[in-house]
Amino acid sequence: MPPNDLVIPRADFSLRRVGAMVLRYWYLLRGSWPRILELAYWPTMQMILWGYINQFMASSSGGGSGWVAQGAGVLVSAVLLWDVLFRGQLGVSISFLEEMWSRNLGHLFVSPLRPGEWVTALMTMSLLRTLIGVLPAAGLAIPFFGYSVFALGLPLAAFFANLIVLGWSLGLLIVALILRYGMGAEGLAWIVVFMLAPVSAVYYPVSVLPAWLQPVALALPSAHVFEGMRALVFDGTLRWDHLAWAVGLNAVYMAGGIAVFLYAFHRARVRGALLQTGE
Amino acid sequence: MTERPIPQQQPATPAIAQAIAPAIRAEGLTKRFPTPDGRDVTAVDAIGFTVPRGSVTGLLGGNGAGKTTTISMLLGLLLPTAGTVEILGVDMARHRHAVLPRMNFSSPYVELPHRLTVRENLTVYAHLYGLTCVKKRVQELAEHLDLSRFLDRPSGGLSAGQKTRVALAKALLNDPELLLLDEPTASLDPDTADWIRTYLERYRLRTGAAILLASHNMLEVERLCDSVLMMRQGRIVDRGAPSALLARYGRQTLEEVFLDIARASDDRIPTGETADAAE
């Protein structure tokens, strides 16, 4: 019997069902002000911390601090964009975990909801959660440090889009691992993205890394985004080559993320894991 | 005298075939789960049965007999190792999403999100099932199932009886033509359980829906079911109308029949299964 969830759903994709799932997660979010506060808390704390480090290094003389001094707010931009990647991944993983915690998967997948619609809802919620988390921090950077990340202009949208798409790919990978290994793998939702931090060249250029590690970094869309961001801040130039690499690599990672998720979902139906989930 | 040709019976068109098909037709349905030591455990062993439209069929058996596994396969939550399932004339392996809007499911073991209110949960599922006039339908079901008083309370804070009624409301949102119920009155007091049974009887009479009911409550099965499937160790070992089973086993109650089957060795079970299986 050919399982129909191995095929990426094209026909009968319902935006209404996507909306229903977004509504489900929105109800959950709006029902708890600490959750909304928590979304904005860490990005704001990070921004303030790195903002003062940026200010200190820019005002000091010589060494690496001179490098930082050339581009006002480079570390603040980096921390805010890194949070886009982290929140993007977490947004997908946490919304999925909500279903696991509430043992709701059995009800969801006897309804007409399709896996593709669910994934679209997870991504939409990830976008909303990321905006709720990052926008206040970006706004507060203006009065705190006189720096506006929005001054990056249109390229900022491209950086944002590439990082959040990479976050979604990672989120789908984590969802697949939790579907496969159960709630024992829950902790991955909070740690996997940090494996990428050293090779994403968030706060330093890729050239700082050892030669053998540089190809690894350049195989990540995030490294291209942060290189592109620094080129814009320091030289005022938009590096189309980095942007093209980021988009191309993201297409590969997203295709991989969707394939791994669909396979894990199919295996969950083989093993009966959709009913036997929860804490 | 020349014989007039006998008109050949035309094969039914798919639409007609679906319209006259039973609510459930399962053939050779098998589920094997791998064990850590590399061997397979057969949870459901090549069972076959039909549930006619408008009927209530009981699925009985001891713990581990294969009832929940069977229901999960009928719902498409669990992929069979072998065999086929047709729901309302639709092949579940190939066109599951075509029939999911016409069926529904309730189980005390698959919960609705605790932190959402009853109204929010029902609203989300009403949208997932593509209902029009969502508010009106939620209000209507709340009145029918006596939920109005706690529509705006979190689902997790309700009593067992209230939760069961909410789960039933969710299962009836789309006025399903087929309702699969896994122990719908488990852990309920006699008054609430009786109320649920009466509601199900009226629902069946009003809509002509078919119901497949897994239960350990023999009085409930005798009251509600037109026919019964007796499962043991993954197999259907007997079937028939409750009155026929009582006569076959020479017993006064279905509970006594259940105990006979549960405690008997295979060769002591009467041969009703063989006769009925050919139906």
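The values are calculated or read from the model by the stated rules, or taken from the named source; none is laboratory data. The structure presented is a predicted model; accordingly, all values stated were derived computationally and were not measured. Here Cβ is always computed from backbone atoms with ideal geometry, including for glycine, and neighbour counts include all displayed protein chains.
When A:Gly228, A:Gly257 are screened for being crowded, with 16+ Cβ neighbours inside 10 Å, under 17 Å from the mean Cα position of the chain (by Cα) and either away from every other protein chain (no Cβ under 13 Å) or over 25 Å from B:Leu74 (Cα atoms) (or both), only A:Gly257 passes. Just wondering, is there one or more residues in region A:4-25 that are within 27 Å of A:Ile94 (Cβ to Cβ), modelled with pLDDT under 90 and part of a helix (DSSP H, G or I)? Checking region A:4-25: at least one residue is within 27 Å of A:Ile94 (Cβ to Cβ), modelled with pLDDT under 90 and part of a helix (DSSP H, G or I).
Listed by first and then second residue, the pairs linking a residue in region B:135-155 that is acidic (Asp, Glu) to a residue that is not in a helix (DSSP H, G or I), with Cβ atoms under 7 Å apart and 6 or more places separating them unless they lie on different chains, are B:Asp152/B:Thr117.
Scanning region B:71-87 for residues that are more than 8 Å from chain A (Cβ to nearest Cβ) and either at pLDDT below 95 or outside any strand (DSSP E or B) (or both) yields B:Ile71, B:Met73, B:Leu74, B:Thr81. Residues in region B:193-243 that are basic (Lys, Arg), touching a residue at least 12 places away in the same chain (Cβ under 8 Å) and out of contact with any Phe, Trp or Tyr (no Cβ under 8 Å at 6 or more places or on another chain): how many? Adding up the residues that qualify gives 5. Report whether or not B:Asp152 is at pLDDT 90 or above and out of contact with any Leu (no Cβ under 9 Å at 6 or more places or on another chain). So B:Asp152 passes the test.
From the list B:Val110, B:Val124, B:Val90, the one residue that fits, being more than 9 Å from every other protein chain (Cβ to nearest Cβ) and among the β-branched types (Val, Ile, Thr), is B:Val90. Within region B:28-67, the residues that satisfy the criterion of being touching a Pro at 6+ places or on another chain (Cβ under 7 Å) and crowded, with 19+ Cβ neighbours inside 10 Å are B:Leu29, B:Lys31, B:Val51. The set of residues in region B:25-70 being assigned to a loop (DSSP other than H, G, I, E, B), within 20 Å of B:Ser106 (Cβ to Cβ), touching a residue at least 40 places away in the same chain (Cβ under 8 Å) and not small (Gly, Ala, Ser) consists of B:Arg53 alone.
Flag: B:Leu112 matches the condition of being part of a loop (DSSP other than H, G, I, E, B), out of contact with any Phe, Trp or Tyr (no Cβ under 7 Å at 6 or more places or on another chain) and either polar (S, T, N, Q) or surrounded by 19 or more Cβ atoms within 10 Å (Cβ to Cβ) (or both). Those helices (runs of 4 or more DSSP H) of region A:99-194 in which 1 or more residues are of a type outside the set (S, T, N, Q), in contact (Cβ under 8 Å) with a residue 24 or more places away in the chain and more than 14 Å from chain B (Cβ to nearest Cβ) occupy A:115-145, A:154-181.
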